[in-house]
1. In the Gaussian network model of the chain, springs joining C-alpha atoms below 10 Å, which of Gly57, Gly42, Gly88 carries the largest mean-square fluctuation?
2. Length gain on complete extension for the stretch Cys65 to Ala41, per 0.36 nm per residue less the alpha carbon to alpha carbon distance?
3. May I ask you to evaluate 6.51 cos²θ - 1.76 cosθ + 1.60, the Karplus curve with θ = phi - 60°, for each residue of the range 25-34 and list the ³J(HN,Hα) values in order in whole Hz, giving x for glycine and proline?
4. Pull up all non-local amide H partners of Trp46: gap of 5 or more, or a different chain, and H-to-H distance under 5 Å with H placed in the peptide plane.
5. Using unit Cβ charges (K, R positive; D, E negative) and no other charged atoms, how large, in debye to the nearest 20, is the dipole of the chain about its Cα centre?
6. Just to confirm the filter: which trypsin sites (Lys or Arg not before Pro) across the chain are DSSP coil and have at most 15 other Cβ within 10 angstrom of their Cβ?
7. If you keep only loop residues by DSSP, which chymotrypsin sites (Phe, Trp or Tyr not before Pro) in the range 10-95 have at most 14 other Cβ atoms within 10 Å of their Cβ?
8. From the gyration tensor of the Cα coordinates in the chain, what semi-axes in whole Å does the equivalent ellipsoid have, largest first, with each one equal to sqrt(5λ)?
Amino acid sequence: MPRTPLDLARATPDPPFEITLDGRPLPALPGQTLAAALWSAGILSWRTNRRDGRPRGAFCGIGSCYDCLATVNSRPNQRACLVPARPGDAVTTQEGTGRADLAV
Ligand code: FES
C-alpha cells in the first residue's frame, strides 16, 4: 500500500474543507497554504505576469519571489505560498498587478 506524506508524519489533520479557484471548488486541508492546496489539486499556475502574460505559480515557496501572487477574497497581490487556506476562500486568477486602476 502506498504511503502518503500524512502517513509518514503520522499526521491526523482535521477534515478537509473547500476553497475555490475562479469558482471551481477544490479541497484543502487545515494547515495548507493556498499554494499547497492548489498544487494538491494539480494546479501549477494561477497568475500571469505584467510584461507578456506568461503563466506563473509558486516558485520559491517561501515568500521571496512574488511569483505566486493571487487575488484572495477580492484582495489582490496575496502570496499564495504564505496565506493559510481557510474554508470558503475564493482565489481568483490574477493578471498583472491585479488591479486595473494600478496598471501601468
Ligand atoms: S512562491 Fe515565491 S513568494 Fe510565493
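1. Maximum among the listed residues: Gly42.
2. 6.4 nm
3. So the Karplus estimates, Gly and Pro as x, are x, 9, x, 9, 9, x, x, 6, 7, 4 Hz.
4. Those lying under 5 Å, H to H, from Trp46 are Arg56, Gly57.
5. 240 debye
6. For trypsin sites (Lys or Arg not before Pro) across the chain that sit outside H, G, I, E and B with at most 15 neighbouring Cβ atoms in 10 Å, the list reads Arg3, Arg10, Arg50, Arg51, Arg99.
7. Phe59, Tyr66
8. The answer is 27, 14, 11 Å, longest axis first.
The values are calculated or read from the model by the stated rules, or taken from the named source; none is laboratory data. Bear in mind that the values here come from a model prediction, so they are computed numbers and not experimental data. FYI the Cβ positions are ideal-geometry reconstructions off the backbone, even for glycines, and counts take in every protein chain you see. These area figures cover heavy atoms from the full protein model, side chains too; ligands, DNA and RNA do not enter into them. Shrake-Rupley method; radii C 1.70, N 1.55, O 1.52, S 1.80 Å.
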